[in-house]
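Chemist: I have a structure here, written as structure tokens, and I will follow up with some questions on it.
The values are calculated or read from the model by the stated rules, or taken from the named source; none is laboratory data. Bear in mind the structure is a predicted one, so any value in this text is a computation, not a measurement. Here the Cβ positions follow ideal geometry from the backbone for every residue, glycine too, while neighbour counts run over all protein chains shown.
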Amino acid sequence: MLVKQLIRETLELQGFRIESVEKKDSELLVTIQADLRYHPRCGVCGTSGDYRDTLSECRFRHVPIWGIDVNLTYTPCRVSCSKCGGIHVELMPWAAGKKRLTKALAVTIATWARQLTWQQVARQFGC
């Protein structure tokens with residue numbers, strides 16, 4: 001499917017896979033799952049660790065495709081890290097910290113903000 005390939009190209013999905021893409025109302029809802037061939041990586045130091053448990057489902061806004069809003073859903077897990085000596089949320093390479101938008105969307109907004117006024121950017125992305 002073309003939409004899956006576009007999303008794969010704009011996200012860093014090593015260790016993850018796209019489960020499904022659905023159209024709900026006026027948005028695309030992309031469900032991401034962990035790829036079981038990879039160990040989850042610690043969100044603090046980035047080393048691979050052991051699976052501990054899962055958290056509740058999180059939703060991330062992604063770059064709109066052809067004017068259609070794209071939202072990613074993922075259930076992150078917690079990792080027991082031997083290097084840090086703690087339990088941390090796994091590293092999600094498409095998100096930064098606790099922000100609910102992808103790095104690709106943040107770069108897109110920053111690029112638009114250099115060329116347009118803040119009000120026009122806010123209207124464009126619904127901020």
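Chemist: Just for the stretch 1-33: of the residues that are at pLDDT 90 or above and within 16 Å of V89 (Cβ to Cβ), which one is farthest from the chain's Cα centre (by Cα)?
Modeler: Ranking the candidates gives F16 first.
Chemist: Please give the number of the condition F60 fails out of (1) among the aromatic types (F, W, Y); (2) closer than 17 Å to Q14 by Cα; (3) in a strand (DSSP E or B).
Modeler: (2)
Chemist: Quickly run through the stretch 1-21 and pick out the residues that are of a type in the set (D, E, K, R) and surrounded by 10 or more Cβ atoms within 10 Å (Cβ to Cβ).
Modeler: From the stretch 1-21, those of a type in the set (D, E, K, R) are 4, 8-9, 12, 17, 19; that's our starting set.
Within the stretch 1-21, K4, R8, E12, R17, E19 qualify.
Chemist: Among the residues of the stretch 71-79, is any buried (at least 18 other Cβ atoms within 10 Å of the Cβ) and under 14 Å from D50 (Cβ atoms)?
Modeler: Our first condition is that a residue be buried (at least 18 other Cβ atoms within 10 Å of the Cβ); within the stretch 71-79, this holds for 72, 74, 76, 78-79.
If we keep only those that are under 14 Å from D50 (Cβ atoms) as well, we get 78-79.
Yes; the residues of the stretch 71-79 include at least one that is buried (at least 18 other Cβ atoms within 10 Å of the Cβ) and under 14 Å from D50 (Cβ atoms).
Chemist: For the stretch 84-111, enumerate the residues that are without any contact (Cβ under 8 Å) to a residue 60 or more places away in the chain and either assigned to a strand (DSSP E or B) or among the small types (G, A, S) (or both).
Modeler: Once the filter is applied, which keeps residues that are without any contact (Cβ under 8 Å) to a residue 60 or more places away in the chain and either assigned to a strand (DSSP E or B) or among the small types (G, A, S) (or both), the stretch 84-111 yields G85, G86, I87, H88, V89, E90, A95, A96, G97, L101, A106, A110.
Chemist: Continuing with the same structure: Part of a strand (DSSP E or B) and of a type in the set (A, V, I, L, M): is that true of L72 in this structure?
Modeler: Numbers: part of a strand (DSSP E or B): yes; of a type in the set (A, V, I, L, M): yes.
Criteria met by L72.
Chemist: Right, something else. For W94, all conditions in the list (1) crowded, with 18+ Cβ neighbours inside 10 Å; (2) under 25 Å from D25 (Cα atoms); (3) over 16 Å from the mean Cα position of the chain (by Cα) hold save one; what is the number of the exception?
Modeler: Among (1) crowded, with 18+ Cβ neighbours inside 10 Å; (2) under 25 Å from D25 (Cα atoms); (3) over 16 Å from the mean Cα position of the chain (by Cα), the lone unmet condition for W94 is (3).
Chemist: What are the pairs, 6+ residues apart or on separate chains, where a residue within the stretch 54-80 that is over 23 Å from A122 (Cα atoms) and among the small types (G, A, S) has its Cβ under 7 Å from a residue that is surrounded by 12 or more Cβ atoms within 10 Å (Cβ to Cβ) and modelled with pLDDT of 90 or more?
Modeler: If the second residue must be surrounded by 12 or more Cβ atoms within 10 Å (Cβ to Cβ) and modelled with pLDDT of 90 or more, the pairs left are S80/I87.
Chemist: Assuming V107 fulfils every condition listed in (1) among the aliphatic types (A, V, I, L, M); (2) in contact with a strand residue (DSSP E or B) (Cβ under 6 Å, 6 or more places away or on another chain); (3) exposed (fewer than 13 other Cβ atoms within 10 Å of the Cβ) apart from one, which condition is it?
Modeler: Answer for V107: the failing condition is (2).
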